Amino acid sequence: MQQTIDASIHWFFKLLELLVVLCMVVMVVMVFGNVVLRYAFNSGITVSDEMSRYFFIWLTYIGAMVAMREGGHLGVDTLVKHLPLMGKKVCLFLSESLMLFCNVLFFMGTWKMHELQVSNVSPVVGISMIWIYGIGYVVSVVMGIINLNVLYRLLRGRISEDELVQVVETEGLADAEKKMHEVRA
């Protein structure tokens, strides 16, 4: 059962990565095609600018979900990595709880704006703006589930000490810190 869930989650995030790539490709094709048409043929694609903006919005939010799952968001671990085990656990609990609270607020804000966005129509393409701003539902739910998963694992004691500091270091920084520790020793 757990393997099926893990596989489903894996493929869901692979689908999100594919959507990021597709959004980027469509944006590049539309913008570049529009530039070529304007300069070479004195015409253009009317919906190009608007749809590129919409794809960029979706690309940003979908990319944020993928980055959160991979631990790729920016963070500062200067204090946390020097804390004892219990301090790291408290900081992780506070961090995940605050992010969960923000996701709840994001969902509620999208919910409150839903009625306005459904009746609001984009000027050029003519689609309901909920198709653009409705990504707030998806992002807040997916990120909220990630937060709940980390909190559940933390409270059940199923999280390793390495996972308590959620900043992913770059290879160069990790090598520099390793050399500093060797010099001090």
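Quick note: the coordinates plus some simple rules give every number you see, no bench work behind them. What you see is a predicted model, and the numbers here were worked out from it, not measured in a lab. Note that we place each Cβ from the backbone using ideal geometry, even for glycine, and neighbour counts take in every protein chain shown.
Rounded to the nearest 500, the 222 nm mean residue ellipticity of the chain from helices alone is -26500 deg cm²/dmol, with -39,500 (n - 2.57) taken per DSSP H run of at least 4 residues.
Put in order of Cβ neighbour count within 10 Å, fewest first, the listed residues ILE145, ILE5 become ILE5, ILE145. Computed from the Cβ-Cβ distance with R0 of 22 Å, the FRET efficiency linking LEU148 to PHE13 stands at 0.85. With θ taken as phi - 60° and the Karplus curve 6.51 cos²θ - 1.76 cosθ + 1.60 applied, the whole-hertz 3J(HN,Hα) list for the range 68-85 is 5, 5, 7, x, x, 6, 5, x, 10, 10, 3, 7, 4, 5, 9, 7, x, 3 Hz, x standing for glycine and proline. Around the Cα centre of the chain, unit charges on the Cβ atoms of Lys, Arg, Asp and Glu (plus for the first two, minus for the last two) sum to a dipole of about 260 debye. Rounded to whole numbers, the Karplus 3J(HN,Hα) couplings from phi for the range 8-24 are 5, 5, 4, 6, 4, 6, 5, 5, 4, 4, 4, 5, 4, 5, 4, 4, 5 Hz, using 6.51 cos²θ - 1.76 cosθ + 1.60 with θ = phi - 60°, and x at Gly and Pro.
The order of ASP6, ASP49, going from fewest to most other C-beta atoms within 10 Å of their C-beta, is ASP6, ASP49. Using the Karplus relation 6.51 cos²θ - 1.76 cosθ + 1.60 with θ = phi - 60°, the per-residue 3J(HN,Hα) values for the range 126-135 come to x, 9, 5, 5, 5, 5, 8, 7, x, 4 Hz, with x marking Gly and Pro. Pop the C-beta distance of VAL29 and ASP162 into the FRET formula with R0 = 45 Å and round what comes out to the nearest 0.05. With R0 = 45 Å, the Cβ-Cβ based efficiency is 0.60.
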